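Below: one structure, written as structure tokens.
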Amino acid sequence: MRNDLTIYDKVADQWWSDEIRWVRTLKNLVPGRLAWMDRQINWSGRDVLDLGSAGGFMAEALDDRGATVTGIDPAAEAIEAARTHAAQRGRRICYDTGVGEDLPYPDARFDAVVCVDVLEHVQDLSRVLAEVARCLRPGGVFLFDTINRNLLARLATITVAEDILGLLPKGTHDPSMFIKPAELRAAMETAGLEPGRVTGLGPRGVNRRLDLTFGPLPFTAILYMGVAHKPKVSV
């Protein structure tokens, strides 16, 4: 089975335990992403949607930066784990269960939407981007990362990361759902978003547990992240 989205609920009760290597990998990706994303937006005081929040790693990091955070994910048990962890630490993060194709929020609800490790999993990319644009306020920011579609990306994410190293469970990704940057750019423009800068994302070292650490990279052949804006309304 490819594009197996059940994996997040299966480990929900251990999401914050640091006992599962592939979950630690997801956690370790957060500071690497934010090393670049922090330069694209001042989070403090912003209403931010973490689209595809799973157990809450990115949502809590954004809360630490002073954002007012809402997280949403179709994995109900992972969302409950995120909600419980946030409540235990006195965090005021709102978590909802739902999908990107049908966001349960009013128009112009958020200053920013963050969508990491998600776009290569959704059933209707165009619909998700349209919903992102709808929920963003004029001038709002869309920050994302995803996986490029080519032989190198397939080798790195499927053969190496899933099958050999076990950095992710086998079947996590379907390589046919990977997205070329030009395709994503065109889809964002169709949705009414203005694409901006794109950069690579990948391993930068290892930590004391010999887990990979991540950060921005100059090449986008495998993982890439980027920013887009919703146009401001003319007065």
Taking first residues from region 170-184 that are in a loop (DSSP other than H, G, I, E, B) and second residues anywhere that are among the aromatic types (Phe, Trp, Tyr) and at pLDDT below 95, the pairs with Cβ under 9 Å that are 6 or more apart or on different chains are Thr172/Trp22
Within region 209-224, identify whether any single residue is aromatic (Phe, Trp, Tyr), surrounded by 13 or more Cβ atoms within 10 Å (Cβ to Cβ), assigned to a strand (DSSP E or B) and touching a Gly at 6+ places or on another chain (Cβ under 8 Å), and answer yes or no. yes
So which residues in region 61-78 are in contact with a strand residue (DSSP E or B) (Cβ under 8 Å, 6 or more places away or on another chain) and outside any loop (DSSP other than H, G, I, E, B), if there are any at all? Leu62, Asp63, Thr68, Val69, Thr70, Gly71, Ile72, Asp73, Ala76
Can you pull out the residues in region 138-159 that are under 23 Å from Asp4 (Cβ atoms) and either free of Cβ contacts under 8 Å to residues at least 40 places away in the same chain or aromatic (Phe, Trp, Tyr) (or both)? Phe144, Arg149, Leu151, Arg154, Leu155, Ile158, Thr159
Please determine whether any residue of region 36-47 is in a helix (DSSP H, G or I) and at negative phi. yes
With Cys94, Cys135 as the choices, which residue is hydrophobic (A, V, I, L, M, F, W, C) and in contact (Cβ under 8 Å) with a residue 60 or more places away in the chain? Cys135
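The values are calculated or read from the model by the stated rules, or taken from the named source; none is laboratory data. Keep in mind that this is a model prediction, so the values were computed, not measured. Reconstructed Cβ throughout: ideal geometry from the backbone, glycine too, with neighbour counts over all protein chains shown.
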